[in-house]
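Only one structure is covered here, and it is reproduced in the block below.
Each reported figure results from applying straightforward, stated rules to the coordinates on display, with no laboratory input. Everything numeric here is computed off the predicted structure, so don't read it as measured data. Using ideal geometry, Cβ is built from the backbone for each residue, glycine included, and neighbour counts are taken over all protein chains shown.
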């Protein structure tokens, strides 16, 4: 009788064990798991870097030094951020030095693809100190590295100033 009870117990365990194993994790779920950090909160912060390229109509501008691009949280959304572009001075040939103020763009769309974040190409228009600035912005963030491409047209300027910024999260 003891052999029969032992056999019944082992058979029962073998039948029940797969149920516990299969309940562990849902591998078919394609939704991002926010608890593992797949949201845009992973790219928030200050990126210190330099301009790899600044030009107006193909003519290179002189821009020296390090700058900060800041990505801030946009409240009540999971796929938009606020981007603060740095103030910078530039010069083109005999035009002399010009200064572009820091510009804050409030509604920048971000798409997440695995561990790479794409700043969707987006047009913007802001007014600061009575001057209208318009342009577009795009870029990528991978790990702690950022590349941002943006244009700025201050006031009535008909040609955009093109910027390429690369930086590292501080």
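Compute the Cα gyration tensor for segment 38-169, then decide on rounded, prolate or oblate, letting a ≥ b ≥ c be the square roots of its eigenvalues: rounded whenever a/c is under 1.5, prolate when a/b is larger than b/c in the other cases, and oblate in all that remain. Prolate shape, in that a/c is at least 1.5 and a/b is the bigger ratio. Note on residue 64/residue 111: beta-carbon distance plugged into 1/(1 + (r/R0)^6) with R0 of 25 Å gives a FRET efficiency of 0.15. Remark: spin-label model distance residue 120-residue 84 equals 2.5 nm, labels positioned 7 Å along the Cα→Cβ axis. With R₀ fixed at 35 Å, the C-beta to C-beta distance from residue 76 to residue 55 puts the FRET efficiency at about 0.40.
Placing dummy labels 7 Å off each Cα toward the beta-carbon, the span from residue 136 to residue 164 is 1.7 nm.
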